[in-house]
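Structure first, commentary second.
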Amino acid sequence: MQRIILPVEPEPGSTSQVVISNPVKDWAKLNPKAWAKRSTDGTYVLRADHFHHSKLVSDAVRARVQGDGLEEIEPYAPRPGSAPLIVLLESPHKNEYSKDIEEFAPQWPLNGESSRKKMQRHLRRLTEAAGFTWADIQSKEVTLVNPVPLQTSMHRFFPHKEGLHKTLRDQVWCALFSQTRYFKLSLQLRIDQYAPFLILNACTKNLQDEVHKVLTRLPYQSERISNHPSMWFSRDRLLRPDEVRVLNTTASGVGRRGNGRRRAGRAGPHCIGRHRPHS
């Protein structure tokens, strides 16, 4: 494999191609059903129904501040102006879709029971560390938001019991978020619509910088968390300003060709990729 082409259609009529050069080795493990085309020059084209608007996992209210903890509720769509506590995730994984490789029906964010239990156990402590008294935010909704609400782990095309391929996930997430304009703009608009009183940026560490750039354009308090909610333990906490890495996209190895397009490479601490809108 020399190059991966990802067709992306996050909303009807808005199509583009994201190109990943130097794909990480785990791409070779995908089920052959993943590919719409495989060329002799090493170019692989993903099937068009994966990064498609029909596979978006919608934002959802999954809990409410109640008493000393959280009351888990049946998920529903956030209401404009509801001023919730937003927990930013990263992208849906295996529990957020049906198991059938063809149906691949989207469910709700943070759909794994163990992940939600960890959120219930630690969210109060993290929220109070951000300066809020639990008694003062009673009945507030907890809204879960994926900056990229499509499955970047590509778990659909791995055996369902197989674990997360983090390097591949990071490479796909970075390519989509950094090089497809839709996801940054959509995240900003959705958050602004909800008007949260607090945003906890719990996106995976390697990807937090890109999300943080979007949050700095908004007038809402946001705090970085040391881990994703699925991995929250008692040691997880808000990150101090001096612990946050300096944003430096130049150091990521991203360059530009003469035609103005970005070169893609392996995903690392910074996001890299190339965006090719259709004409």
Would you say residue 75 is within 22 Å of the chain's Cα centre (by Cα) and farther than 21 Å from residue 204 by Cβ?
yes
Considering residues that are part of a loop (DSSP other than H, G, I, E, B) and either within 17 Å of residue 7 (Cα to Cα) or in contact with a His (Cβ under 8 Å, 6 or more places away or on another chain) (or both), the number found within the stretch 166-201 is 1
Filtering the stretch 20-60 down to residues that are in a strand (DSSP E or B), out of contact with any Gly (no Cβ under 7 Å at 6 or more places or on another chain), more than 15 Å from residue 104 (Cβ to Cβ) and in contact (Cβ under 8 Å) with a residue 60 or more places away in the chain yields 60
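Could you tell me which of the residues 156, 124 is among the charged types (D, E, K, R), in a helix (DSSP H, G or I), modelled with pLDDT of 95 or more and within 30 Å of residue 24 (Cα to Cα)?
Criteria check complete, one pass: 156.
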* Report yes if some residue within the stretch 130-143 is modelled with pLDDT of 95 or more, in contact with an Asp or Glu (Cβ under 7 Å, 6 or more places away or on another chain), part of a loop (DSSP other than H, G, I, E, B) and polar (S, T, N, Q); otherwise report no. => no
Among residues of the stretch 72-121 being of a type in the set (Gly, Ala, Ser) and modelled with pLDDT of 95 or more, the residue nearest to residue 146 (Cα to Cα) is 91
Over the stretch 112-144, the set of residues touching a Lys or Arg at 6+ places or on another chain (Cβ under 9 Å) and basic (Lys, Arg) is 116, 125, 140
The correct count of residues that are over 24 Å from residue 144 (Cα atoms) and among the aliphatic types (A, V, I, L, M) in the stretch 29-71 is 6
Screening 87, 65 for residues that are within 21 Å of the chain's Cα centre (by Cα) and aliphatic (A, V, I, L, M) leaves only 87
The residue from 86, 101 that alone is β-branched (Val, Ile, Thr), at negative phi, in contact (Cβ under 8 Å) with a residue 60 or more places away in the chain and in a loop (DSSP other than H, G, I, E, B) is 101
Scanning the stretch 1-60 for residues that are closer than 16 Å to residue 178 by Cα and acidic (Asp, Glu) gives 9
Are any of the residues in the stretch 114-137 charged (D, E, K, R), under 20 Å from residue 173 (Cα atoms) and within 17 Å of the chain's Cα centre (by Cα)?
no
Note: among 139, 91, 153, 178, just one is in contact (Cβ under 8 Å) with a residue 60 or more places away in the chain, crowded, with 20+ Cβ neighbours inside 10 Å, farther than 16 Å from residue 57 by Cβ and of a type in the set (Gly, Ala, Ser), namely 178
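The values are calculated or read from the model by the stated rules, or taken from the named source; none is laboratory data. It should be emphasised that the depicted structure is a prediction, and the values quoted were computed from it without experimental measurement. Virtual Cβ from ideal backbone geometry, glycine too; neighbours counted across all protein chains shown.
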